[in-house]
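Taken together, the values in this text are just the output of simple stated rules run on the coordinates, not laboratory data. Note that the structure is predicted; figures quoted are calculated from it, not measured. So basically every Cβ, Gly included, is an ideal-geometry build from the backbone, and we count neighbours across all protein chains shown.
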Amino acid sequence: MSVNEHEPELNKGVDPETAVTPPPTSPPKKHHHEITWDDIDRSNSPTAEAEIRGWELEPRPWAVFLERIALAIEQPANKLIGSHQLNPIYHTGTIAAFLTLIVGATGMYLFLFFHYGYTESYESVVGYNSLFIARTMRAIHRFASDALVITTLLHAYRMLFMERFRGPRWLAWVTGVVLTAVIWLAGVTGYWLVWDIRSQWITEWFIHLLEQFTPWSAAFVAKMATLGLEGNSWKVLLVILGSHVLLFLITVGFFYVHIMRLKRPKWYPPVQWMIGLIAMLLLAAFIFPLRNLAPADLSQLPQTVNLDLIFLFFVPFIGQKSAIFLWGGLIVVTAVSLIIPWISRARSKGTPPTASTNGKTQDDVYTGNCPLPRVQIIDELCTGCTMCAEDCPYGALEMIERAGNHSQHKLIAVANINKCVSCGICVGSCEYTAVTLGHTPPVSLWDTTLLHLQKAQASAPHSQVRLVYTCDRHAAIGAKPYMSGDADLMAADTAVEVISVPCVGTIPPNMTGRALQAGADEVQIIGCPADDCRNREGNFWEERRLTRRRVPRLKKAYNNEPITAVWVAPNEFEKALHTQPVRSLNEETSREEPNYPASRRMFPPLHWRSYVIAFALLAAILLIQIFLTDIPIPAAAANRTMARILIPDTAVPFNPELTYSPPRGNVELRLELDGEPVYSQTLPADELLTRQDAFYVEQEISPGDHHVTLTLRDEDGNRIVLYNENVTLTIGDVLRLNYFGPEPNLPCDDTPCIE
């Protein structure tokens with residue numbers, strides 16, 4: 001559910017501006033627990049700015065590099081659309097969840113018309129083309145499945161460069177990695193069900209996989225061949241279908257764990273993206289109906305085949321030595337992804353203090369997994385207003401009844417540091433300065449503001465002063481040169497000072513107004529676009545506070561003051577600095593004047609052209625995806641001729657009803673072409689007679705006209721002929737030497753099969 005829909009039930013806190021109290025009979029006396037950001041005094045701490053910097057994450061260089069790549073790709077799209085609101089990249093997580101719903105619904109419909117068996121399954125899929133709804137559902141199922149993989153990978157990429165995988169976030173990250181692998185496996189089994197030439201490739205791959213890592217490849221091949229001859233191939237397809245459905249259910253389960261751990265989880269994207277996705281998928285299904293490939297033919301090596309490179313990227317590597325590098329690389333990437341929450345630790349921009357505060361030790365606030373300071377409640381200042389607990393996106397704060405009768409307040413906030421991600425949103429939500437991070441007193445935030453204000457006034461005594469608050473994402477990308485002094489912040493006779501905090505949600509709204517009273521001419525907040533906050537809701541809550549739609553609200557006295565906000569990507573910081581306030585017509589003066597309340601809004605009205613461009617880009621991406629799922633790929637392994645020997649039961653050739661002596665010693669299995677051996681393997685006779693598993697082997701042979709003989713010969717010279725035929729083989733042919741018993745092979749050039 002979207003954050004907006006929760007808004008009415010979240011404004012439960014006490015708004016200090018609108019709270020009604022009885023008129024005092026004597027001069028009012030401020031209680032120590034009623035101190036707000038308007039009342040705090042400067043602590044004159046020389047380390048205040050360093051302490052506030054200690055709240056911020058020091059991003060890893062590789063994370064900054066990855067983010068710059070993403071931002072460089074996103075920026076043209078944002079310019080074309082004209083608004084960050086319609087950038088689908090910010091909604092990849094919820095879009096993935098919505099696509100999962102589409103995949104499940106269309107898959108359930110297709111299941112109703114599906115039949116089981118090598119021939120039956122293929123014919124039922126071909127039959128979908130004669131039904132408009134079934135044909136459309138199949139195409140949507142395919143396109144939505146591919147889009148699900150793409151959006152999942154994009155979402156993982158964003159979480160990676162935002163470093164949203166450590167500490168309390170490890171569960172979401174690990175489930176996301178496993179979820180991606182499960183989605184891929186589910187897609188592979190979906191292609192396997194069709195039993196066309198693509199399914200044949202998957203079968204080849206699976207047999208090679210079993211052969212390399214297990215002793216079960218021969219048994220698998222034997223079972224498939226036996227069930228086919230018995231007319232029970234439906235059992236094979238039923239197992240594949242069961243695996244497909246089970247993997248989808250596991251996907252749903254992982255989505256549930258991945259999302260439900262959050263407070264106020266979002267299950268679906270904004271309505272415009274749901275409508276757009278459904279419309280684009282329907283249009284694509286109508287314009288690009290799926291083509292049916294040739295049915296699987298086990299007597300031929302698959303040649304050129306149209307592949308889905310999103311799910312079947314491994315097919316061109318089947319039977320190639322390079323396959324080990326492909327799978328080895330994927331295994332390494334997956335393993336590193338799973339353990340990265342513990343091998344890449346977060347770094348604070350400051351040094352953790354060693355003193356203890358409020359009876360809590362350093363270890364209570366700084367954990368080994370994340371050196372960033374965690375939330376702390378200053379108990380004597382807490383009024384039990386519930387605002388911090390309501391605003392925390394991760395449930396790290398809860399309200400309990402205050403013990404004893406020493407306070408007029410019934411509730412008190414309690415921190416669970418194991419759920420805290422050090423975002424600081426709770427600091428900005430507390431009007432009474434009762435919440436902080438680590439051991440740094442909240443007053444240090446005000447001290448830092450005054451230090452920057454004095455610095456600007458001293459460097460440009462005759463200029464206007466603008467204070468800019470921004471988050472650590474902007475500080476690491478666009479704002480970095482301005483904070484390091486490498487860029488000139490003097491513009492239009494205005495001195496600009498940039499103050500960074502973990503998240504713009506850390507900023508108490510009324511502290512901005514007090515900064516104006518202290519001498520600033522303008523206050524600007526530069527935060528991330530909607531749904532692109534590293535801390536989920538920090539930018540959204542701050543916008544709601546500044547526009548007086550969420551407590552703690554910006555006071556009415558500051559509402560029309562020069563306090564503005566710009567919500568842009570981190571590489572657009574310079575653009576944000578030059579953004580002018582929204583202007584509107586003043587009906588009293590009939591003149592255009594700055595409209596500061598409107599200049600703080602995150603969601604300005606959109607023009608219809610923005611929607612057209614956004615959906616056109618979505619259509620272009622979908623078109624590229626469709627192209628990637630239907631690329632003809634020649635298989636290198638197809639330029640061979642193969643002989644495949646299968647003996648499901650190695651004791652069958654030695655049937656005791658046949659009149660010959662049982663074999664002794666070692667028995668040689670020999671494959672001959674025109675009297676010349678091309679394959680030979682010696683096995684103990686006892687093993688052949690008591691072997692529990694099937695015998696299966698592949699041997700490359702030369703094409704042409706051949707007389708093929710497959711025999712078993714013991715040490716006494718007894719020979720059993722399993723195959724004896726003249727064949728013509730071309731490149732890509734498979735000579736299947738399946739021996740199930742002596743009856744099919746009794747004629748051996750007018751000689752007995754047992755010699």
Relative to the present Cα-Cα distance, how much length would full extension add between Asn232 and Arg164 at 0.36 nm per residue of separation? 19.5 nm
Placing unit charges on C-beta atoms (Lys and Arg positive, Asp and Glu negative, everything else neutral), compute the dipole magnitude of the range 445-605 about its Cα centre in debye, rounded to 20. 680 debye
For the chain, give the magnitude of the charge dipole about the Cα centre (Cβ charges: +1 Lys/Arg, -1 Asp/Glu; no others), in debye to the nearest 20. 2920 debye
When a/c is below 1.5 the answer is rounded, else prolate if a/b is larger than b/c, else oblate, so apply that to the range 445-605 with a ≥ b ≥ c taken from the square roots of the Cα gyration tensor eigenvalues. rounded
How high is the FRET efficiency between Leu338 and Leu628 when r is their beta carbon distance and R₀ equals 25 Å, given to the nearest 0.05? 0.40
Just to be sure I understand the model, the point goes 7 Å from the Cα along the line to the Cβ. What's the resulting Asp705 to Arg264 distance in nm? 8.1 nm
Angle in degrees between helix 170-192 and the longest Cα principal axis of the chain, rounded to the nearest 10: 30 degrees
Please give the contour-minus-distance gain from Glu123 to Tyr256: 0.36 nm per residue of separation, less the Cα-Cα distance, rounded to one decimal in nm. 44.3 nm
Computed FRET value (nearest 0.05) for Leu330 with Ser45, which takes r as the C-beta separation and R₀ as 60 Å: 0.70
Beyond 22 Å between alpha-carbons counts as too far, so tell me which of Lys266/Lys419; Lys455/Lys555; Lys263/Lys419 fall in that bin. Lys455/Lys555
To the nearest 10 degrees, how steeply does helix 234-260 sit against the main Cα axis of the chain, on a 0 to 90 scale? 10 degrees
Farthest toward the dipole's positive end in the range 445-605, which of Ile507, Pro594, Pro481, given Cβ charges of +1 (Lys, Arg) and -1 (Asp, Glu) about the Cα centre? Ile507
Put +1 on the Cβ of each Lys and Arg and -1 on the Cβ of each Asp and Glu in the chain; which of Met642, Ala294, Tyr394 then has its Cα farthest toward the positive end of the dipole? Tyr394
With Cα atoms, 0 to 90° folded angle of helix 92-111 axis to the chain main axis: 40 degrees
Please give the calculated 222 nm ellipticity per residue for the chain, where each DSSP H segment of at least 4 residues contributes -39500 (n - 2.57) and the sum is spread over every residue; nearest 500 deg cm²/dmol? -13000 deg cm²/dmol
Where nothing but the Cβ of Lys and Arg (+1) and of Asp and Glu (-1) is charged, how large is the charge dipole of the range 57-130 around its Cα centre, in debye to the nearest 20? 300 debye
Förster radius 35 Å - calculated FRET efficiency between Ser130 and Val271 (Cβ-Cβ, nearest 0.05): 0.50
